[in-house]
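**Q** Okay, here's the structure, questions in a sec.
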Amino acid sequence: MIFELPILRFEKDALEPYISAHTIEFHYNKYFRYYVNKVNILLDEFQLTTLSLEAIMKRYAKRRGILFYSVAQVWNHSFYFEQLSPTPKTMPEGNLLSAINKSFDSFTEFKHKFDKAVISFCGSGNTWLSQKEDETLIITQETNAGNPFTKNYKPLLMCDVWEHAYYFDYPCRKADYVYNFWNILDWDVIEKRFDSKKLSVERFNAQI
């Protein structure tokens, strides 16, 4: 095996009442764990054990087969869980806030547009905030295991819109899920991603 399931930054019940321990157990310990195990099998089968997840996503993005899908699921879930916290920084500051204001007029308007993108999402996938090559910010909807990284965008934050991420807690209430998502999103993590020169979730990809 190459990649291990990451250790969560918080206890499984720490995000309640916004996300329940039951959802975390299913989403993290069953769904995420399945794809970590699947990726380790596939990387050995495809003889790609020396490549990073990012390199594999780039190489196989156009094919969108089982290898891309599984690797992207591991990357996306690592990215998602890393940004959650029971004691988050609740507002961006500095360069990131300036970039949000420049791209969306205000932080309030950004949240409104992001909420709308999540609520209007049809099917399974994720809603992202990313930085384009011209340094402006953009909100995108990526179906299934899609990732804006493959379009040369730099992902900054992501809301998981797959039903397994919220349906136990918010059946038929996706709007409530995204409104409460902001209460556990740690902007300290998002700021570090924005300021970083390197796109990676390597701290979740422990090599053994």
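All of the numbers you see were taken from the coordinates with simple rules; none came from a lab. These numbers were taken from a predicted model, which means no experiment stands behind them. Virtual Cβ from ideal backbone geometry, glycine too; neighbours counted across all protein chains shown.
**Q** Output the number of residues of region 25-70 satisfying the condition of being among the basic types (Lys, Arg) and part of a helix (DSSP H, G or I).
**A** Quick first cut of region 25-70, residues among the basic types (Lys, Arg) only: 30, 33, 38, 58-59, 62-64.
Narrowing further to those that are part of a helix (DSSP H, G or I): 30, 33, 38, 58-59.
Within region 25-70, residues that are among the basic types (Lys, Arg) and part of a helix (DSSP H, G or I) number 5.
**Q** Turning to a different aspect of this structure: Please specify each residue of region 78-116 satisfying the condition of being free of Cβ contacts under 8 Å to residues at least 60 places away in the same chain, buried (at least 18 other Cβ atoms within 10 Å of the Cβ) and in contact with a helix residue (DSSP H, G or I) (Cβ under 7 Å, 6 or more places away or on another chain).
**A** Within region 78-116, 100, 104, 110 meet the criteria.
**Q** Condition first: surrounded by 15 or more Cβ atoms within 10 Å (Cβ to Cβ) and either in contact with a Leu (Cβ under 9 Å, 6 or more places away or on another chain) or among the small types (Gly, Ala, Ser) (or both). Now tell me which residues in region 38-57 satisfy that.
**A** In the first step, residues of region 38-57 are kept if they are surrounded by 15 or more Cβ atoms within 10 Å (Cβ to Cβ); the result is 38-40, 42-43, 48, 51-54, 56-57.
Passing the criteria: 39, 42, 43, 48, 51, 52, 54, 56.
**Q** Might you let me know whether region 131-152 holds any residue that is of a type in the set (Gly, Ala, Ser) and under 18 Å from the mean Cα position of the chain (by Cα)? Before you say what the answer is, go through the steps one by one.
**A** Here is the first cut: in region 131-152, the residues of a type in the set (Gly, Ala, Ser) are 145-146.
With the extra rule that they be under 18 Å from the mean Cα position of the chain (by Cα), the set shrinks to 145-146.
Scanning region 131-152 turns up at least one residue that is of a type in the set (Gly, Ala, Ser) and under 18 Å from the mean Cα position of the chain (by Cα).
**Q** If the Cβ limit is 6 Å and pairs must be 6+ apart or interchain, which residue in region 10-32 that is among the acidic types (Asp, Glu) pairs with which residue that is surrounded by fewer than 17 Cβ atoms within 10 Å (Cβ to Cβ) and part of a helix (DSSP H, G or I)?
**A** 13/21
**Q** Then there's this: Could you please let me know if residue 60 is surrounded by 18 or more Cβ atoms within 10 Å (Cβ to Cβ) and over 30 Å from residue 10 (Cβ atoms)?
**A** Values: surrounded by 18 or more Cβ atoms within 10 Å (Cβ to Cβ): yes; over 30 Å from residue 10 (Cβ atoms): yes.
The answer is yes for residue 60.
**Q** Name the single residue, out of those in region 171-186 being crowded, with 16+ Cβ neighbours inside 10 Å and touching a Ser or Thr at 6+ places or on another chain (Cβ under 9 Å), that is farthest from residue 160 (Cα to Cα). Lay out the reasoning, then the answer.
**A** Filtering region 171-186 down to residues crowded, with 16+ Cβ neighbours inside 10 Å leaves 174, 177-182, 184-186.
When the remaining residues are screened for being touching a Ser or Thr at 6+ places or on another chain (Cβ under 9 Å), the result is 178, 182, 184-186.
Values: 178: 9, 182: 13, 184: 13, 185: 12, 186: 15 Å.
Selected residue: 186.
**Q** Does residue 127 satisfy being touching a residue at least 24 places away in the same chain (Cβ under 8 Å) and either assigned to a loop (DSSP other than H, G, I, E, B) or surrounded by fewer than 19 Cβ atoms within 10 Å (Cβ to Cβ) (or both)?
**A** Details: touching a residue at least 24 places away in the same chain (Cβ under 8 Å): yes; either assigned to a loop (DSSP other than H, G, I, E, B) or surrounded by fewer than 19 Cβ atoms within 10 Å (Cβ to Cβ) (or both): no.
Judged against the criteria, residue 127 is not a match.
**Q** In region 97-124, what count of residues is obtained for those that are outside any helix (DSSP H, G or I) and among the hydrophobic types (A, V, I, L, M, F, W, C)? Can you show your working first?
**A** The initial filter retains those residues of region 97-124 that are outside any helix (DSSP H, G or I), namely 105-106, 120-124.
If we keep only those that are among the hydrophobic types (A, V, I, L, M, F, W, C) too, we end up with 121-122.
Here the count works out to 2.
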